[in-house]
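The values are calculated or read from the model by the stated rules, or taken from the named source; none is laboratory data. Just so it is clear, the model here is predicted, and its values are computed rather than measured. Glycine also receives a Cβ, built like all others from the backbone with ideal geometry; neighbour counts cover every protein chain displayed.
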Amino acid sequence: MNKQLGKKILLVLAAVMVMILLSSFKMQNEGDRSFKKIVLNKNKSVEYTVDVGKMGLLKYWLEPNVFSVALRCQTEDDTLKLRCETEGVDAIISQGSKKGIWKKLKSEDVLVKRSKNTVPINLEIAVPSKNIYRRNVQEGKIKIWNQDELYSVINLKIVNSRYQ
C-alpha cells in the first residue's frame, strides 16, 4: 500500500511540475504578438508603438527581428472600400488568423470588414537584425486608402524597452 501511495504522490508532483512549465512557457509567449484596437477617422493619423522588448526570452533569442502585429481597425462608415499598404517597414499584410497560413494581401486588394465596421489587419514585420539591439528600432507607416483617396495613416514606431 505504501508503494502505491508513493507512486500516486510522484505522479501528482510530476503533473504539477508539467503544469508549471507549460504555464511558464505560455507566459513567455504572450508578448510575441502585439494587439491593438484602433479607431480610424478620415484624414487623421494614429500613433502606435510596438515594443519588441516585451517578447518572451525564447522568441527574443531565436528570432527577435520578426514579430506579429494584429490591428482591429474600426471605421465610422460601412460603405468604405479600404485598402492597406506599408511604408518604411518590411511587412506581410494579411487578414488571416495566426492559426493558418496567411494569404498575403497586395496593396490593391480590398480589405474585408468583419462585424461592427471592424477591419482586421495582421502584419508580420521583419526589421534588420542590427536594429533590434537599440532603443529605437524602426519607424514606418501603415496607409489606409479608401479607393484612390488616402483615408488614414497609422504611424508605427517600433522600440525595444530593453535598451535605453
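Put simply, of Lys141, Lys103 the only residue that is over 21 Å from Glu47 (Cβ atoms) and either in a strand (DSSP E or B) or in contact with a Gly (Cβ under 8 Å, 6 or more places away or on another chain) (or both) is Lys103. Regarding Val16, is this residue of a type in the set (A, V, I, L, M), modelled with pLDDT of 90 or more and loosely packed, with under 14 Cβ neighbours inside 10 Å? So Val16 fits the description; yes. In region 145-161 there is at least one residue matching the filter, namely being under 16 Å from the mean Cα position of the chain (by Cα) and in a loop (DSSP other than H, G, I, E, B). Looking at this structure, is Tyr60 exposed (fewer than 13 other Cβ atoms within 10 Å of the Cβ) and either closer than 19 Å to Ile158 by Cβ or of a type in the set (Phe, Trp, Tyr) (or both)? So Tyr60 fails the test. Filtering region 32-51 to residues that are within 19 Å of Tyr133 (Cβ to Cβ) and touching a residue at least 40 places away in the same chain (Cβ under 8 Å) leaves Thr49, Val50, Asp51. For beta carbons closer than 8 Å, sequence separation of 6+ or different chains, a first residue in region 52-74 that is closer than 19 Å to Ser24 by Cα and a second that is surrounded by fewer than 17 Cβ atoms within 10 Å (Cβ to Cβ) and basic (Lys, Arg), the qualifying pairs are Gly53/Arg162.
The residue of region 34-55 that is nearest to Lys157 (Cα to Cα), among those that are over 13 Å from the mean Cα position of the chain (by Cα) and surrounded by 17 or more Cβ atoms within 10 Å (Cβ to Cβ), is Val46.
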